[in-house]
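Chemist: One structure follows; several queries about it will come next.
The values are calculated or read from the model by the stated rules, or taken from the named source; none is laboratory data. Treat the numbers as computed from the prediction; the structure is a model and nothing was measured. Using ideal geometry, Cβ is built from the backbone for each residue, glycine included, and neighbour counts are taken over all protein chains shown. These accessible areas exclude ligands, DNA and RNA; they are computed on the full protein's heavy atoms, side chains included. Shrake-Rupley method; radii C 1.70, N 1.55, O 1.52, S 1.80 Å.
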Amino acid sequence: LRQEKVKLEQTLEQEQEQQVSKLMRKISKLEKDTASKQQSLEQLRREKIDLENTLEQEQEMLVNRLWRRMDKVEAEKRDLETRMGTTPPPSPSDKMDHVALNARVVQLSSEVDRLKKMLAKTETKR
C-alpha cells in the first residue's frame, strides 16, 4: 500500500512537472509574441509619423506652388490692365502674408487630424 502511495505521488509529481513545463513554454511563447508585436507596433507608429510629416511637407509645397502661380497670374492680369489703360484694383495677395497663411494651413490641417483621431476614439468606445 505504501509502495502504491509512493508510486502515485511520483506519478502525480511527474504530471505536475510536465504541466508546469508546458505552461512555462506557453508563457515564454506568448511573451515572445507580445514583444514581437510591440516592436511591430512601434515600427508602424514611426512609419505613420514619417508619413504624416511627408504629407504635411507636400501640402505646404503645393500651397506655396499655388501661391506663386496665383501671384504670377495676378501680375499678368495687372500688366494687361495697365496696357489697356485701366487701373487695376490692389491684389489680395499683396495684402496677405504668405508665411502666416501657410502656417494657418498647417495649423488647420493639424486640427483636422486631431479631431479625426478624437472622433475615431469616440466611435471605438461605442
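Chemist: So in the range 84-126, with the set limited to residues that are over 20 Å from the mean Cα position of the chain (by Cα) and open to solvent by 100 Å² or more (accessible area, probe 1.4 Å), which one is modelled with the highest pLDDT?
Modeler: If we take residues in the range 84-126 being over 20 Å from the mean Cα position of the chain (by Cα) and open to solvent by 100 Å² or more (accessible area, probe 1.4 Å), then Met84 is modelled with the highest pLDDT.
Chemist: Please work out if Met70 is at pLDDT below 95 and over 12 Å from the mean Cα position of the chain (by Cα). Write out each step before concluding.
Modeler: Details: at pLDDT below 95: yes; over 12 Å from the mean Cα position of the chain (by Cα): yes.
It is true that Met70 is at pLDDT below 95 and over 12 Å from the mean Cα position of the chain (by Cα).
Chemist: Further question on the same structure: Going by what's in this entry, would Ser28 be described as at pLDDT below 95, small (Gly, Ala, Ser), in a helix (DSSP H, G or I) and out of contact with any Ser or Thr (no Cβ under 8 Å at 6 or more places or on another chain)? Break it down into steps so the answer makes sense when it comes.
Modeler: Working: at pLDDT below 95: no; small (Gly, Ala, Ser): yes; in a helix (DSSP H, G or I): yes; out of contact with any Ser or Thr (no Cβ under 8 Å at 6 or more places or on another chain): yes.
So Ser28 does not fit the description; no.
Chemist: Is the range 58-73 home to any residue that is exposed (fewer than 10 other Cβ atoms within 10 Å of the Cβ) and acidic (Asp, Glu)? Please lay out each step first, then the result.
Modeler: So in the range 58-73, the residues exposed (fewer than 10 other Cβ atoms within 10 Å of the Cβ) come out as none.
For the range 58-73, residues exposed (fewer than 10 other Cβ atoms within 10 Å of the Cβ) and acidic (Asp, Glu): absent.
Chemist: Anything in the range 46-89 that is basic (Lys, Arg) and closer than 17 Å to Asn102 by Cβ? List them, or say none.
Modeler: Keep residues of the range 46-89 that are basic (Lys, Arg), which gives 46, 48, 65, 68-69, 72, 77-78, 83.
Arg65, Arg68, Arg69 - these are the residues of the range 46-89 that are basic (Lys, Arg) and closer than 17 Å to Asn102 by Cβ.
Yes/no matrix, rows are residues, columns are (1) touching a Pro at 6+ places or on another chain (Cβ under 7 Å); (2) closer than 30 Å to Ser110 by Cβ:
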| residue | (1), (2) |
| --- | --- |
| Arg2 | no, no |
| Glu9 | no, no |
| Ser21 | no, no |
| Asp33 | no, no |
| Gln39 | no, yes |
| Ile49 | no, yes |
| Glu56 | no, yes |
| Glu81 | yes, no |
